[in-house]
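Written below as structure tokens is the structure these notes are about.
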Amino acid sequence: MNLYLAAQDPTLADFGKDPWWLVLIKIVFAFAFGLLATLLGVWFERRVVGRMAVRPGPNQVGPFGLLQTLADGLKMAFKEDILPKAADKVVYFFAPTISVICAVTALSVVPFGPKVSIFGHWTPLQVTDVSVAVLVLLACSSMGIYGIVLGGWASGSTYPLLGGLRSTAQMISYEVAMGLSIVAVFMTAGTMSTSGIVAAQGDGTQLTIAGQQVPAPGWYAILLLPSFIIFFIATVGETNRAPFDLPEAESELVAGFMTEYSSLKFALFMLSEYVSMVTMSAVTTTLFLGGWRAPWPITLWAGANTGWWPMLWFFGKVIALVFVFVWLRGTLPRLRYDQFMRFGWKVLLPINLVWILVLAGLRSIEDWQTKDRLVATGIGAGVLLLATLFWPSRKKEPAPPLQEQVNSRPHGSFPLPPMDLQVPPSPRTRRVVAEREPANVVAGPDSREV
């Protein structure tokens, strides 16, 4: 049985041998998955956020409101398509399609399941795979930026241009953190192939504790927890989802880069966000959550990772991650732009670099003796602890007293207003005393202006 289970894992040699009609079926399936998951994702988000806000959400069109998203799409199709006078017509038309195409293309290298029999052909449930498939995912994610920046520029308006430029800076910043977090996966799995990474997580990990071999989880979300957290935060920023939905900050940019879009073009921009959300959930499942492999305790069943069952586990993990996206939107407020950029460059990036350095050090001492490994790990932990304790504080020095600041002013400076916050009496007002009377005392007849 173990040989049969091992035969289910596809390798690079299993691709490129399918007939053309089978390849076409896989392409149509990947496209249909992205489209249907997007339509259901919009409904799912509205229902979940409605439940969090103690309201029903869409429940009128179709059973449980399932046809509400389809009705919204038809409504947008029949709306008037307005073209701005100063717009670049060609770029204005193609910009929305770039974001959608790049998001759907990334699904071509995502494994949906193991090798199965389709009309007598033994083939992997994956469109294709290459030795650098993860780089293909990063390339598709990077190309999606062009759809946003070109959409903002081609509109011929100031606010969409600002929204496009700001979203480009945002996506590039978090692309760096996302790319570095995948480096730990490469180092652990030893491959950039998506099917190979899923297979590496299925083997599990054996830890040696007190001379005993102890099995450990194989998911990189557990073994590489810092990389998983950073990667998921970066995907939220990469997909422009709340609390990082700054390209559409209505209070600042009037809906951002797609302000001048309407009808189906606006719908494409809106749906591209959900396509990217589903795609990045599938990528996160592949890289960190074991891909199509069943979670424990389902793995106790011998046939859990064979046949068509793995597709069910894969879709379940994707839905769970989409729920986390929706959960964040219904829970967290939007960040300021400076907070968002500072978090990406000054928090995620340094932590990622330190974590990769630590992981590289642990990988380099795997072949050492147990005692030497403990000594090296202890020295590294001590150095890290000392660096944390003696790291220079960012607390500002206390400001000197106000009177000391006044006395230290150079000669000839501008005159200062009263430092005791007392307003002197008006020279045009005759008062009994030259002091301001309390507010609760009625002024006498001599205090009126002349």
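The values are calculated or read from the model by the stated rules, or taken from the named source; none is laboratory data. Here the structure is a predicted model, which is why all the values come from computation and not from measurement. No Cβ is skipped: glycine too gets one built from the backbone with ideal geometry, and neighbour counts run over all protein chains shown. What goes into the accessible areas is simple: the full protein's heavy atoms, side chains included, and nothing from ligands, DNA or RNA. Shrake-Rupley method; radii C 1.70, N 1.55, O 1.52, S 1.80 Å.
Overview of values
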{"quantity": "Qualifying residue in region 361-381 (condition: over 30 Å from Val183 (Cα atoms), modelled with pLDDT of 70 or more, open to solvent by 90 Å² or more (accessible area, probe 1.4 Å) and of a type outside the set (D, E, K, R))", "calculated": "no"}
{"quantity": "Selection count where residues are touching a Pro at 6+ places or on another chain (Cβ under 9 Å), surrounded by fewer than 18 Cβ atoms within 10 Å (Cβ to Cβ) and among the hydroxyl-bearing types (Ser, Thr, Tyr), scope region 262-306", "calculated": "0"}
{"quantity": "Segments classed as helices (runs of 4 or more DSSP H), wholly inside region 106-202, with at least 3 members that are out of contact with any Leu (no Cβ under 6 Å at 6 or more places or on another chain), of a type in the set (S, T, N, Q) and at pLDDT below 90", "calculated": "158-189"}
{"quantity": "Contacts under 6 angstrom Cβ, first residue in region 281-310 being under 26 Å from Phe232 (Cα atoms), partner basic (Lys, Arg), 6 or more apart", "calculated": "Thr285/Lys317; Leu289/Lys317; Asn305/Arg293"}
{"quantity": "Where a residue in region 28-55 is within 11 Å of Thr69 (Cβ to Cβ) and its partner, wherever it lies, is hydroxyl-bearing (Ser, Thr, Tyr) and assigned to a helix (DSSP H, G or I), with Cβ under 6 Å and at least six apart", "calculated": "Thr38/Tyr274; Leu39/Thr69; Gly41/Tyr274; Val42/Thr69; Val42/Tyr274; Trp43/Thr69"}
{"quantity": "Options Ile351, Ile319; residue that is in contact with a Ser or Thr (Cβ under 9 Å, 6 or more places away or on another chain), at pLDDT 90 or above and open to solvent by 60 Å² or more (accessible area, probe 1.4 Å)", "calculated": "Ile319"}
{"quantity": "Qualifying residues in region 332-348 (those that are of a type outside the set (A, V, I, L, M, F, W, C) and either under 13 Å from the mean Cα position of the chain (by Cα) or open to solvent by 80 Å² or more (accessible area, probe 1.4 Å) (or both)) - the one farthest from Val236 (Cα to Cα)", "calculated": "Lys346"}
{"quantity": "Top-ranked residue of region 52-69 - restricted to ones that are polar (S, T, N, Q) and under 28 Å from the mean Cα position of the chain (by Cα), ranked as least open to solvent (accessible area, probe 1.4 Å)", "calculated": "Thr69"}
{"quantity": "Which listed residue is open to solvent by 30 Å² or more (accessible area, probe 1.4 Å), assigned to a helix (DSSP H, G or I) and among the hydrophobic types (A, V, I, L, M, F, W, C), from Val42, Val23", "calculated": "Val23"}
